[in-house]
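For reference, the structure is listed below as structure tokens.
Since every read-out is calculated from the coordinates, none of them should be taken as a lab result. Values in this document were obtained by computation on a predicted structure and should not be read as measured data. Backbone-built Cβ (ideal geometry, glycine too); neighbour counts: all protein chains shown.
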Amino acid sequence: MSRSCDTEHTNMIMIYDRDTDSAVVINRKISWCGISFPGGHLEPGESAYESAVREAKEETGLDVTDLQFCGIIHWHNVDSGKKYMVYTYRTCNYSGTLIPGTDEGEVFFMKLDDIKNAKENNRIAEYLPVFLDGNISEAFGKYTDDDDTGFDIKYY
């Protein structure tokens, strides 16, 4: 049995405003639809940190600094064996002007309580413990080619 597998490496960044208890979200309409933090794929030759800074700029218009690594969200496709890794970061340090959206969806600040309680298309609420609980460094879930919501997420 091979120990190597096809793995996608991505990032997700919680850009947090302490004064309003809000974070930047994207209401994604392309791939993994719904409320999500900004993020995307690592490019060849790019570190996960560098990728997070780049993706934050591309998806929000904001320049972010002082990113803190929060942990990993890891998905396993039970049909194909593929892995999907998400390196998570958070920061309160940002500058620039928030853009209203991209071709991926509308971009805006959303209160953390509203993120936690949003009912529709909201996987991000399940990821919040990785971003907010210093005792959790990994979330792990399984999915199939047809369904990414059928399995519970485990936290470590």
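Side notes on the structure shown:
- Shape of the chain, Cα gyration tensor, a/c cut at 1.5: prolate
- Beta bridges from DSSP with both residues in region 7-146: antiparallel share about 65 percent, rounded to the nearest 5.
- Over the chain, dividing the summed -39,500 (n - 2.57) contributions of all DSSP H runs of at least 4 residues by the number of residues returns a 222 nm mean residue ellipticity of -5000 deg cm²/dmol.
- FRET E, pair residue 19, residue 114, Förster distance 22 Å, beta-carbon r, rounded to 0.05: 0.85
- In percent, rounded to a whole number, the relative contact order of the chain is 27, using alpha-carbon pairs under 8 Å and six or more apart.
- Spatially near lysine pairs across the chain, Cα under 24 Å, sequence gap of 8 or more or different chains: 18
- Label-point separation in nm, residue 95 to residue 30, each point 7 Å along Cα→Cβ: 3.0
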